[in-house]
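Here is the structure we will look at, set down as structure tokens.
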Amino acid sequence: MEMQKYTNTYHVRSYECDRNNNLRLVTLMNIFQDMAVLHADAMGLGFAFCLSKGLAWVGSNYEVLIERLPKMNETITINTWPAVEKKAGTIRDFEVFAEDGTRIIAASSQWVLINIDRKRPVSLKENLPEYSILEERVLPTEFNGN
């Protein structure tokens with residue numbers, strides 16, 4: 001199956017903003033986490049699958065380029081996709097678009113698949129069903145390690 005970007009919209013609420021009506025960074029990171037979880041579930045590689053195999057996805061690093069933060073009451077569109085597969089992990093990219101379609105945030109994240117009991121990284125190819133990646137990057141980040 002060919003990989004497609006996973007897309008969702010999000011309405012920025014007042015309690016998610018700082019005193020300048022900008023989305024808080026912690027909320028942005030939570031949105032990224034939610035998007036990754038939803039897409040992994042849609043791919044059949046999410047929480048239920050991992051738990052049945054004694055595995056877990058762990059987000060280990062992010063690089064985020066912010067042109068501007070979303071504002072209170074703004075509806076944003078977020079895209080995400082797995083962009084690079086490594087031995088024990090993957091790089092997942094994100095894009096955030098303003099209501100006018102302008103990209104306002106680009107982010108890359110590193111995710112590692114771990115064995116829950118051993119608390120150690122495991123090979124993707126040996127532990128996941130085959131899936132495709134979308135070889136498109138928003139940032140050139142490669143991250144160190146796996």
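Those residues that are out of contact with any helix residue (DSSP H, G or I) (no Cβ under 7 Å at 6 or more places or on another chain) and not in a loop (DSSP other than H, G, I, E, B), I need them from the stretch 1-28; list them, please.
Result: Thr7, Thr9, His11, Ser14, Tyr15, Cys17, Asn22, Leu25, Val26, Leu28.
Counting only residues that are of a type in the set (D, E, K, R) and in contact (Cβ under 8 Å) with a residue 40 or more places away in the chain, give me the strands (runs of 3 or more DSSP E) lying completely in the stretch 52-146 with at least 3 of them.
Qualifying strands (runs of 3 or more DSSP E): 89-97.
Is the stretch 122-138 home to any residue that is out of contact with any Leu (no Cβ under 6 Å at 6 or more places or on another chain), under 25 Å from Cys17 (Cβ atoms) and buried (at least 18 other Cβ atoms within 10 Å of the Cβ)?
yes
Condition check ((1) modelled with pLDDT of 95 or more; (2) of a type in the set (D, E, K, R); (3) under 23 Å from Gly46 (Cβ atoms); (4) in contact with an Asp or Glu (Cβ under 8 Å, 6 or more places away or on another chain)) across all residues:
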{"position": "Arg103", "(1), (2), (3), (4)": "yes, yes, no, yes"}
{"position": "Ala106", "(1), (2), (3), (4)": "yes, no, no, yes"}
{"position": "Ser109", "(1), (2), (3), (4)": "yes, no, yes, yes"}
{"position": "Asp117", "(1), (2), (3), (4)": "yes, yes, yes, no"}
{"position": "Glu126", "(1), (2), (3), (4)": "no, yes, yes, no"}
{"position": "Glu130", "(1), (2), (3), (4)": "no, yes, yes, no"}
{"position": "Ile133", "(1), (2), (3), (4)": "no, no, yes, yes"}
{"position": "Glu136", "(1), (2), (3), (4)": "no, yes, yes, yes"}
{"position": "Asn144", "(1), (2), (3), (4)": "no, no, no, no"}
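Every residue, every condition in (1) over 16 Å from Ala98 (Cβ atoms); (2) hydroxyl-bearing (Ser, Thr, Tyr); (3) at pLDDT 95 or above; (4) surrounded by 15 or more Cβ atoms within 10 Å (Cβ to Cβ), yes or no:
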| position | (1), (2), (3), (4) |
| --- | --- |
| Leu28 | no, no, yes, yes |
| Ile31 | no, no, yes, yes |
| Phe47 | yes, no, no, no |
| Trp57 | yes, no, no, yes |
| Tyr62 | yes, yes, yes, yes |
| Thr75 | no, yes, yes, no |
| Asn79 | no, no, yes, yes |
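In this structure, is Ala40 small (Gly, Ala, Ser), part of a strand (DSSP E or B) and under 12 Å from the mean Cα position of the chain (by Cα)?
Taking the combined requirement at face value, the residue does not satisfy it.
The values are calculated or read from the model by the stated rules, or taken from the named source; none is laboratory data. Note that this is a predicted model, so its numbers are computed, not measured. Every residue, glycine as well, gets a Cβ built from its backbone with ideal geometry; the counts of neighbours run over all protein chains shown.
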